[in-house]
Amino acid sequence: HGLKAMDMSGFSDPYVIISVRRRGTLRSKRKTKVVKKNLNPKWDQEFSFQVLPSDQIVFEVRDWDRFTKDEPIGNVSLHVSDLPARSETRWLTLSSGGGGLRVQFTLE
């Protein structure tokens, strides 16, 4: 929500790469769909990961570009041990003033 405009049109074509890292090593990675020309995207997608309390979850928001390299909008990370035992929705503020993400976590 409130993402940075990265394109000359005043919009971005955002998507999110969600990575799980264990002791700095990539364990798993998923990517959302691209939402074109939107600064307040709603992905409404669900991903499942097998995690340990010591794992780190990294959210990288990027701007998709057809002819050039995709640009970073911002990122945020958290440790699984900081999540509640059940379900919670959190607002995560992105680095570089890129806006934020509302994410729902469910641990089973």
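For this structure, a couple of remarks:
- Top-ranked residue of segment 50-78 - restricted to ones that are in a strand (DSSP E or B) and among the β-branched types (Val, Ile, Thr), ranked as farthest from Arg23 (Cα to Cα): Ile73
- Residue that is modelled with pLDDT under 95 and of a type outside the set (Phe, Trp, Tyr), where the choices are Asp63, Asp7, Asp70: Asp7
- Residues of segment 93-108 that are part of a strand (DSSP E or B) and open to solvent by 60 Å² or more (accessible area, probe 1.4 Å): Thr93, Arg102, Gln104, Thr106.
- Residues being over 12 Å from the mean Cα position of the chain (by Cα) and of a type outside the set (A, V, I, L, M) - total across segment 23-41: 9
- All positions within segment 32-52 that are open to solvent by less than 90 Å² (accessible area, probe 1.4 Å) and within 15 Å of Asp63 (Cβ to Cβ): Thr32, Val34, Val35, Asn38, Leu39, Asn40, Pro41, Trp43
- In segment 18-31, residue most open to solvent (accessible area, probe 1.4 Å) [restricted to those that are β-branched (Val, Ile, Thr) and over 16 Å from Gly74 (Cβ atoms)]: Thr25
- Applying a threshold of 9 Å to beta carbon distances and a minimum spacing of six or more residues, or different chains, the list of pairs starting in segment 52-72 at a residue that is over 14 Å from Ser95 (Cβ atoms) and ending at one that is open to solvent by less than 20 Å² (accessible area, probe 1.4 Å) and hydroxyl-bearing (Ser, Thr, Tyr) reads Gln56/Ser19; Ile57/Ser19; Asp63/Ser12; Asp63/Tyr15; Trp64/Ser12; Trp64/Tyr15; Asp70/Tyr15.
- Residues that are open to solvent by 10 Å² or more (accessible area, probe 1.4 Å) and either among the small types (Gly, Ala, Ser) or touching a Pro at 6+ places or on another chain (Cβ under 7 Å) (or both) were ranked within segment 4-17; the one that is nearest to Phe47 (Cα to Cα) is Ala5.
- Restricting segment 53-92 to residues that are among the basic types (Lys, Arg) and surrounded by 14 or more Cβ atoms within 10 Å (Cβ to Cβ), the residue that is nearest to the chain's Cα centre (by Cα) is Arg62.
The values are calculated or read from the model by the stated rules, or taken from the named source; none is laboratory data. The shown structure was predicted, so the numbers you read here are calculated from the model rather than taken from an experiment. Because the Cβ atoms are built from the backbone with ideal geometry, glycine has one as well, and the counts that use them run over all protein chains shown. The area values use the complete protein model at the heavy-atom level, side chains included, leaving out ligands, DNA and RNA. Shrake-Rupley method; radii C 1.70, N 1.55, O 1.52, S 1.80 Å.
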